[in-house]
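Colleague: Dropping a structure here in structure tokens format, bear with me for questions.
The values are calculated or read from the model by the stated rules, or taken from the named source; none is laboratory data. Here the structure is a predicted model, which is why all the values come from computation and not from measurement. Ideal geometry is used to build each Cβ from the backbone, glycine not excepted, and the neighbour counts take in all protein chains shown.
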Amino acid sequence: MANYLLRRLLIAIPSLLGISVILFVVLALAPGDPFGELTTNPAIPPEVRANLRASLGLDDPIHLRYISWLTAMMKGDWGYSFVSRIPVDQLILQRLPTTLAVIGISQIVALAIALPVGVYAATRPYSIFDQVANTLAFVGFSLPTFFTGLVFILIFSITLDWLPFVYRTGIDASGWRWWWEQFRQSIMPIMVLGLFQGATWTRFVRSAVLDVIRLDYVTTARSKGLTEGTVTMKHVVRNAMIPVVTLVALQMPAVFGGAIVTEQIFRVPGIGSLLITSILANDTPVIMAVTFVFAALVIFFNLLADILYGWLDPRISYS
Amino acid sequence: MHEDRLRHLLDLIRGGVLSRRDALRRLAGLGLTAPMATQVMALAGVSPAAAQAPGAEPVRRGGGGPLRLLYWQAPTLLNPHFATGATNQDASRIFYEPLAGWAADGTLLPVLAAEIPSIENGGLAPDGRSVTWKIKPGVRWHDGVALTADDLVFNWDYARNPATAAVTAGSYRDVTVVKVDDLTVRVEFRQPTPFWAETFVGSRGLIVPKHLFERYVGAASRDAPANLRPVGTGAYRFVSFAPGDVLHASLNPDYHLPTRPFFDTLEVKGGGDATSAARAVLQTADYDFAWNLAVEDDILKRLEAAGRGRVVFIEGGDIELLHLNPTDPNREVEGERSHASTTHPALSDPAVRQAIGLLVDRDALEQFIYGRGGPATGNVLNNPPRFRPPQPSRAFSVERANEVLEAAGWRRGPDGIRAKDGVRLRFVLQTSVNAPRQRTQALIKAAALRAGIDVEVKAVAATVFFSSDVANPDTYTKFYADLQMFTTVMTQADPQRFMNQFVSWEMASRANRWQGRNIYRWRSPEYDRLFREAEGELDPIRRADLFLRMNALVLADGYVIPLVGRPRVNAHANALRPVLSAWDNTLWLLSHWGREGG
């Protein structure tokens, strides 16, 4: 096991390096200039722009810039935002709590919907419940989040005037009121993301369970006289969860990456909105840091999924 | 214009022969609009030049509760010397102040200055080589340190240092700032400078404290803790800031105006999009004020119908212009199309330009496309009022256009498109992707077809069209099309920088990497001469007259066709009383904002 882990971690290093090279080159070759706005502003002399470029090291050849980025990253220096003129890690840390809270809870909501609904629907295939659940799931993942987000705003904020649609950090209240306000403003983005994700996962859980429930060993378990509940929970779900775990684990980096569209609609100051504003402003160090951390998390969660397999299915062994 | 008669009138007013009211009437008789006549009198020293502080004087400070502002672009930094973009300038403006700001009518309002310098109070040197500013006594930074002339001298030193890479460098590098005494500085110019209100004034003139920044000049400037925790002189003090998200501030109990500000706390929330920002103010009233609503007027009207807020349009000098290319966009000279040495085969004929001018229905643009967000105009230079020429005729007539073209020898071919000597009237009209612009293109195309001109419309993504990418042929500065259309912004209340975009030496070309400001490719020796004259003309009336003549010259040639003005659009809650100006930042006078009944 330890051997396997070590091997996987060693393999991760070249993949991360490869990813960082590709990201860096793509960003360096992309058109646009973080100081584009300075060029069009007649009040700003061109030498100011030249000085800015030089002070941020933008005039060096690309391989030198990459090496200096890499050595800084290894020392824990994530770079320096062109636009905010502060270190990138500060920017990301500021956004992390909100992202984890909103996106994290939405993933929990999604799981809380998908697991029971998917399993129940699969144990009663083609029943009314299954049909309804299937239809709703289909509708749920067919509607993009920007659409459901706007529909929610239209219904709950504008028509009913129940919920605010602008997410505010630093609510000036304490105790229960703070929690209530926080709930009111988070519920819409959480539900938009949670329902979308839940709908996708429901269909997946259902088909995974359906695959297992027809197998002979399930019939054997039933014929032993076990209750239907025990059969489902102990024998079916545990085996059916293997593909679901992969899917959920691979989705976890998204909790860090945030949800660009939903964050933009509800003005949630998460990492997704940081990424999109940085892309629009050509703030390369921030784009680089966010995407690179994202890549590292994808690799990490892949590893985690593989380890979880071994726990869920003892037949899989890494020794 | 009528300079001699003007002068004679002004002498009569000065001598007391003529009352102000009579003078206004007689100036109107000379073709001057009332605001312009007032301004002419102001400039001639007949009436006070400085703007009056708007609104009634409040009795006490504070008590207004929270003020919540919504910006769909979030501020990312709080140092005015690094502030690119309106959002960052606005955010810095909450904490930092200039010596004077630009009011809505294009006049100066003293903020940190004790008074606006003039020849009469000895602030302006008669030779135009220096301006002396007196600082208001008793102003303190938020940490209690007193504001002195040293702070101003420091800002000059800080901003003009190339290693600081300040975006305000342009306002400081060509002047010298000298401390006269603790509360007086003199800004010295290299040559006689009629427009002296640049350094320490308006959005690029905000003053930062020397005692917090002096260790961070040059390359170290980015390490200053005060870059993110501003300590200024403004009406509100810094509380917290999350770049790209939200900014909190609270009332400054030590503000230099004893009865201001009104609001106790301030929140500036950023992000999202313009339409939902308008919604949050006009429809759900979650916020008190929304900035820069680039939203179609129809939608704004629908949101306003909820009755919780209103949209305000502040007129400035920004204008949507239709450019007719004087050069040939289809012929390459020295690796460059639209080269200055070429002439356009069809548009060089004045009759064709006149016809196109007649085919643009500006009033329809205002009525059906831009609404309140685009008042029709026939002038290039529209504001401030003291530089506003009389409105030329904006006739729209397809028949006249047909007559003009017919008379000039452009005959219709079998397909209905006019041609002469093998040159067909077929033009490409390019602009950025933007709903009102595409509707304008369609309107022009339809009208042109009725006069036998075939217009092909082309829309380029805004990020490409307005980029400075030298390799891309579709940028607006390249102008590789017969016609193009976009908004030209006027950043200052003085027209000199605005009018400098028509001078021949600013022509955009390959040599200056298409960064020259004259994108029109139009040139006129007469215009160049007038501009040079205005640059050194110290007499305000003669100078205003020069700018008006430049405007007339641009219009007379017909290569540049004004379409609609583009006022600034903001929305606020019904009860809020914001003080806004198109010549300065949106939050230029936040200290004076109030609420009705409060």
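Colleague: Given the condition within 30 Å of A:V212 (Cβ to Cβ), assigned to a helix (DSSP H, G or I), aromatic (F, W, Y) and away from chain B (no Cβ under 12 Å), answer yes or no: does some residue in segment A:286-294 qualify?
Modeller: No, segment A:286-294 contains no residue that is within 30 Å of A:V212 (Cβ to Cβ), assigned to a helix (DSSP H, G or I), aromatic (F, W, Y) and away from chain B (no Cβ under 12 Å).
Colleague: For the subset of segment B:502-512 comprising residues that are free of Cβ contacts under 8 Å to residues at least 60 places away in the same chain and out of contact with any helix residue (DSSP H, G or I) (no Cβ under 9 Å at 6 or more places or on another chain), which member is farthest from the other protein chains (Cβ to nearest Cβ)?
Modeller: Among residues in segment B:502-512 that are free of Cβ contacts under 8 Å to residues at least 60 places away in the same chain and out of contact with any helix residue (DSSP H, G or I) (no Cβ under 9 Å at 6 or more places or on another chain), the one farthest from the other protein chains (Cβ to nearest Cβ) is B:A511.
Colleague: Restricting the search to segment B:265-301, which residues are among the charged types (D, E, K, R), more than 23 Å from the chain's Cα centre (by Cα), outside any loop (DSSP other than H, G, I, E, B) and away from every other protein chain (no Cβ under 12 Å)?
Modeller: B:D298, B:K301
Colleague: Please determine, by comparing only the residues of segment B:187-206 that are surrounded by fewer than 23 Cβ atoms within 10 Å (Cβ to Cβ) and in contact with a Pro (Cβ under 8 Å, 6 or more places away or on another chain), which one is farthest from B:L152 (Cα to Cα).
Modeller: Only one residue fits best here, namely B:P194.
Colleague: Would you say B:N518 is touching a helix residue (DSSP H, G or I) at 6+ places or on another chain (Cβ under 9 Å), within 14 Å of chain A (Cβ to nearest Cβ) and over 26 Å from B:K478 (Cβ atoms)?
Modeller: It is false that B:N518 is touching a helix residue (DSSP H, G or I) at 6+ places or on another chain (Cβ under 9 Å), within 14 Å of chain A (Cβ to nearest Cβ) and over 26 Å from B:K478 (Cβ atoms).
Colleague: If you go through segment B:233-243 one residue at a time, do you hit one that is of a type in the set (G, A, S), out of contact with any Leu (no Cβ under 6 Å at 6 or more places or on another chain) and modelled with pLDDT under 90?
Modeller: yes
Colleague: Quick check on my filter: what residues within segment B:82-98 are farther than 13 Å from B:G232 by Cα and surrounded by 22 or more Cβ atoms within 10 Å (Cβ to Cβ)? If you could, list the steps in order and put the result at the bottom.
Modeller: Restricting attention to segment B:82-98, the residues satisfying the condition of being farther than 13 Å from B:G232 by Cα are B:82-90.
B:F82, B:A83, B:T87, B:N88, B:Q89, B:D90 - these are the residues of segment B:82-98 that are farther than 13 Å from B:G232 by Cα and surrounded by 22 or more Cβ atoms within 10 Å (Cβ to Cβ).
Colleague: Which numbered condition trips up B:L429, out of (1) in a helix (DSSP H, G or I); (2) aliphatic (A, V, I, L, M); (3) surrounded by 20 or more Cβ atoms within 10 Å (Cβ to Cβ)?
Modeller: It is condition (1) that B:L429 fails.
Colleague: Do we have any residue at all in segment A:274-285 that's in a helix (DSSP H, G or I), over 30 Å from B:A280 (Cβ atoms), in contact (Cβ under 8 Å) with a residue 40 or more places away in the chain and of a type outside the set (V, I, T)? Explain how you work it out, then say what you get.
Modeller: So in segment A:274-285, the residues in a helix (DSSP H, G or I) come out as A:274-280, A:284-285.
Pick out the ones that are also over 30 Å from B:A280 (Cβ atoms) and you get A:284-285.
Retained after the next criterion (residues that are in contact (Cβ under 8 Å) with a residue 40 or more places away in the chain): A:284-285.
When the remaining residues are screened for being of a type outside the set (V, I, T), the result is A:285.
Yes, segment A:274-285 has at least one match.
Colleague: If a residue has to be more than 14 Å from chain A (Cβ to nearest Cβ) and within 26 Å of the chain's Cα centre (by Cα) to count, how many in segment B:139-175 make the cut?
Modeller: 3
Colleague: In the set A:F165, A:F183, A:F152, which member is surrounded by fewer than 19 Cβ atoms within 10 Å (Cβ to Cβ) and under 23 Å from the mean Cα position of the chain (by Cα)? So that I can check it myself, show each step before the final result.
Modeller: Working: A:F165 fails: surrounded by fewer than 19 Cβ atoms within 10 Å (Cβ to Cβ); A:F152 fails: surrounded by fewer than 19 Cβ atoms within 10 Å (Cβ to Cβ).
Answer to the selection: A:F183.
Colleague: Here is a follow-up. Of all residues being surrounded by fewer than 17 Cβ atoms within 10 Å (Cβ to Cβ) and closer than 17 Å to A:V117 by Cα in segment A:205-229, which is farthest from the chain's Cα centre (by Cα)? Just the residue, please.
Modeller: A:E228
Colleague: Report yes if B:P385 is surrounded by 15 or more Cβ atoms within 10 Å (Cβ to Cβ) and in contact with an Asp or Glu (Cβ under 7 Å, 6 or more places away or on another chain), otherwise no.
Modeller: yes
Colleague: I would also like to ask the following. What are the residue pairs meeting all of these: first residue in segment B:397-413, first residue assigned to a loop (DSSP other than H, G, I, E, B), second residue among the aliphatic types (A, V, I, L, M) and surrounded by 15 or more Cβ atoms within 10 Å (Cβ to Cβ), Cβ atoms under 6 Å, and 6 or more apart or on different chains?
Modeller: Matching pairs, first to second residue: B:S397/B:L358; B:A408/B:A351; B:G413/B:A419.
Colleague: Out of all the residues in segment A:96-106, is one or more surrounded by 14 or more Cβ atoms within 10 Å (Cβ to Cβ), hydroxyl-bearing (S, T, Y), part of a loop (DSSP other than H, G, I, E, B) and within 11 Å of another protein chain (Cβ to nearest Cβ)?
Modeller: no
Colleague: Here's something else I'd like to know. How many residues does segment A:92-121 hold that are touching a Phe, Trp or Tyr at 6+ places or on another chain (Cβ under 9 Å) and within 30 Å of A:G76 (Cα to Cα)?
Modeller: Adding up the residues that qualify gives 7.
Colleague: Restricting attention to helices (runs of 4 or more DSSP H) lying wholly within segment A:1-87, give those where 3 or more residues are surrounded by 12 or more Cβ atoms within 10 Å (Cβ to Cβ) and modelled with pLDDT under 80.
Modeller: Hits in segment A:1-87: A:36-40, A:46-55.
Colleague: If you check B:H211, B:H142, which single one turns out to be touching a Gly at 6+ places or on another chain (Cβ under 8 Å) and either surrounded by fewer than 22 Cβ atoms within 10 Å (Cβ to Cβ) or of a type in the set (S, T, Y) (or both)? Talk me through it step by step, then tell me what you get.
Modeller: Details: B:H211 fails: touching a Gly at 6+ places or on another chain (Cβ under 8 Å).
When all the criteria are applied, what remains is B:H142.
Colleague: Hydrophobic (A, V, I, L, M, F, W, C), touching a residue at least 12 places away in the same chain (Cβ under 8 Å) and more than 25 Å from B:P137 (Cα to Cα), is that true of B:F189?
Modeller: So B:F189 fits the description; yes.
Colleague: List the number of the failed condition for B:E526; all other conditions in (1) part of a loop (DSSP other than H, G, I, E, B); (2) more than 18 Å from B:E320 (Cα to Cα); (3) over 22 Å from the mean Cα position of the chain (by Cα) hold.
Modeller: Evaluating B:E526 over (1) part of a loop (DSSP other than H, G, I, E, B); (2) more than 18 Å from B:E320 (Cα to Cα); (3) over 22 Å from the mean Cα position of the chain (by Cα) leaves (1) as the failure.
Colleague: Which condition does A:I260 not pass, out of (1) in contact (Cβ under 8 Å) with a residue 12 or more places away in the chain; (2) more than 14 Å from the chain's Cα centre (by Cα), if it passes all the others?
Modeller: All conditions are met except number (2).
Colleague: Being within 14 Å of chain A (Cβ to nearest Cβ) and in contact (Cβ under 8 Å) with a residue 60 or more places away in the chain: is that true of B:T107 here? Let's see the steps before the verdict.
Modeller: Numbers: within 14 Å of chain A (Cβ to nearest Cβ): no; in contact (Cβ under 8 Å) with a residue 60 or more places away in the chain: yes.
When the stated conditions are applied, B:T107 does not pass them.
Colleague: If only one of A:F146, A:F165 is within 14 Å of chain B (Cβ to nearest Cβ), assigned to a helix (DSSP H, G or I), touching a residue at least 60 places away in the same chain (Cβ under 8 Å) and farther than 30 Å from B:A220 by Cβ, which one is it?
Modeller: On inspection, the qualifying residue turns out to be A:F146.
Colleague: Here's a follow-up. Can you tell me how many residues within segment B:225-248 are over 24 Å from A:E263 (Cα atoms), within 12 Å of another protein chain (Cβ to nearest Cβ) and buried (at least 20 other Cβ atoms within 10 Å of the Cβ)?
Modeller: 1
Colleague: Somewhere in segment B:560-570, is a residue more than 26 Å from B:G378 (Cβ to Cβ) and in contact (Cβ under 8 Å) with a residue 12 or more places away in the chain?
Modeller: yes
Colleague: Could you tell me how many of the residues in segment B:571-584 are assigned to a loop (DSSP other than H, G, I, E, B) and either in contact (Cβ under 8 Å) with a residue 40 or more places away in the chain or under 20 Å from B:G202 (Cα atoms) (or both)?
Modeller: Counting residues in segment B:571-584 that are assigned to a loop (DSSP other than H, G, I, E, B) and either in contact (Cβ under 8 Å) with a residue 40 or more places away in the chain or under 20 Å from B:G202 (Cα atoms) (or both) gives 8.
Colleague: Only residues in segment B:449-475 that are more than 14 Å from every other protein chain (Cβ to nearest Cβ) and touching a residue at least 12 places away in the same chain (Cβ under 8 Å) count as the first member; pair them with residues that are aromatic (F, W, Y) and not in a loop (DSSP other than H, G, I, E, B), Cβ under 8 angstrom, at least 6 apart or cross-chain, and list the lot.
Modeller: Listed pairs, sorted by first residue: B:I453/B:F427; B:D454/B:F427; B:V455/B:F427; B:E456/B:F427.
Colleague: So, in segment B:502-526, how many residues would count as being under 21 Å from B:G357 (Cα atoms) and not hydrophobic (A, V, I, L, M, F, W, C)?
Modeller: Pass one, segment B:502-526, residues under 21 Å from B:G357 (Cα atoms): B:502, B:518-524.
Now narrow it down to the ones that are not hydrophobic (A, V, I, L, M, F, W, C): B:518, B:520-521, B:523-524.
Summing the residues that are under 21 Å from B:G357 (Cα atoms) and not hydrophobic (A, V, I, L, M, F, W, C) in segment B:502-526 gives 5.
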